[in-house]
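J.: I'd like to ask you about the structure that follows.
Every number in this text was worked out from the coordinates using simple rules, so none of it is lab data. Quantities reported herein were computed from a predicted structural model and do not represent experimental measurements. In this analysis, Cβ positions are derived from the backbone assuming ideal geometry, glycine residues included, and neighbour counts consider all displayed protein chains.
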Ligand SMILES: N[C@@H](CCC(=O)N[C@@H](CS)C(=O)NCC(=O)O)C(=O)O
């Protein structure tokens, strides 16, 4: 049995995590049957989601998960792409998972109002007397990670500019095609669409969403990917709901 660990719909997205969305898409692209369960980050060495159990085998990180199943099934999510396209596919993923991902995280976690309406809900299970302190510590860690990476050493305008250049590159690659490399979705669509879905949500107050949503070809692309892979949520319903 295969189980994907992550989180289901939140913040008007199929998952609060673009990386969980990416893997959820890629497992479907590979034609796999799998269960979805809530992640327990403390239970895995890398303390990140997504992670997958394939029987007794734990696989962590969206890239290793993809390759594990590609090798197991003898399939490739870049089947039919030329060597140049395969290189571009990998580079597009790496691009989407760098500045766009950092922009999404910093807008959600470092902006007080966005944190209150969004990520603060992850701490609902922390006993009330300790909750504020735990949230403060986690946000400080996030802030240090973003500072360390250099991303939040840029001004807000510069961060937006970096995100805009990534979005422009995605638009150029997409062109008039249905998917990044043609009429069929492939590996990079999972990563890029997951980041665009996360960036475009209007749940948060951020100029990032308009950077995506003002382009009809991108909203069309997001809609196509959602129709294909997120038409219905198969995540368990949280107990508190
Ligand atoms: N490189 C990883 C990134 C995964 C990742 O950053 N996951 C986030 C959720 S979007 C996470 O688990 N963060 C928890 C933490 O850093 O403590 C992958 O591709 O799977």
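J.: Using only the Cα atoms of the chain, what do you get for the radius of gyration and for Dmax, in Å?
T.: Reported Rg and Dmax, both Å: 17.8, 57.
J.: So, one more: Sort 191, 233 so that the residue with the fewest other Cβ atoms within 10 Å of its own Cβ comes first and the one with the most comes last.
T.: Taking fewest neighbouring Cβ atoms as first place, the list is 233, 191.
J.: Share of antiparallel DSSP beta bridges in the chain, in percent to the nearest 5?
T.: Of the beta bridges lying entirely in the chain, close to 70 percent run antiparallel.
J.: At a 10 Å Cβ-Cβ cut-off, how would you order 165, 7, fewest neighbours first?
T.: Details: 165 12, 7 21.
Ranked by crowding around the Cβ, least crowded first: 165, 7.
J.: Okay, moving on. What FRET efficiency comes out for residue 233 versus residue 30 if R0 is 30 angstrom and r is the Cβ-Cβ distance? Round to the nearest 0.05.
T.: Between residue 233 and residue 30 the formula returns 0.95.
J.: Which whole-number percentage describes the relative contact order of the chain, with Cα contacts under 8 Å and a sequence gap of 6 or more? Don't skip to the end; give the middle numbers.
T.: Working: 279 pairs, mean separation 63.4, N = 241.
Contact order relative to length: 26 percent.
J.: If R₀ is 30 angstrom, what is the calculated FRET efficiency for the pair residue 126 and residue 177, using the beta carbon separation as r and rounding to 0.05?
T.: Calculated value: 0.10.
J.: Another question, if that's okay. With springs only between Cα atoms under 10 Å apart, run a GNM on the chain and tell me which of 172, 108, 139 wobbles the most.
T.: Largest GNM mean-square fluctuation: 172.
J.: When the C-alpha atoms of region 113-160 are aligned to their principal axes, what extent does each axis show, in angstrom, from largest down?
T.: 38, 20, 11
J.: From the helices alone, meaning DSSP H stretches of at least four residues, give me the mean residue ellipticity at 222 nm for the chain, per-run term -39500 (n - 2.57), in deg cm²/dmol to the nearest 500.
T.: One gets -17000 deg cm²/dmol as the mean residue ellipticity at 222 nm.
J.: Any idea how far the Cα center of region 79-125 sits from the one of region 3-77, in Å?
T.: 15 Å
J.: Here's something else I'd like to know. Round to the nearest 0.05 the FRET efficiency obtained for residue 117 and residue 139 when R0 = 22 Å and r is the Cβ-Cβ distance.
T.: FRET efficiency, residue 117 to residue 139: 0.95.
J.: Mind jotting down the distance between the C-alpha centroids of region 148-182 and region 185-241, whole Å?
T.: Taking the Cα centre of each part, region 185-241 and region 148-182 sit 15 Å apart.
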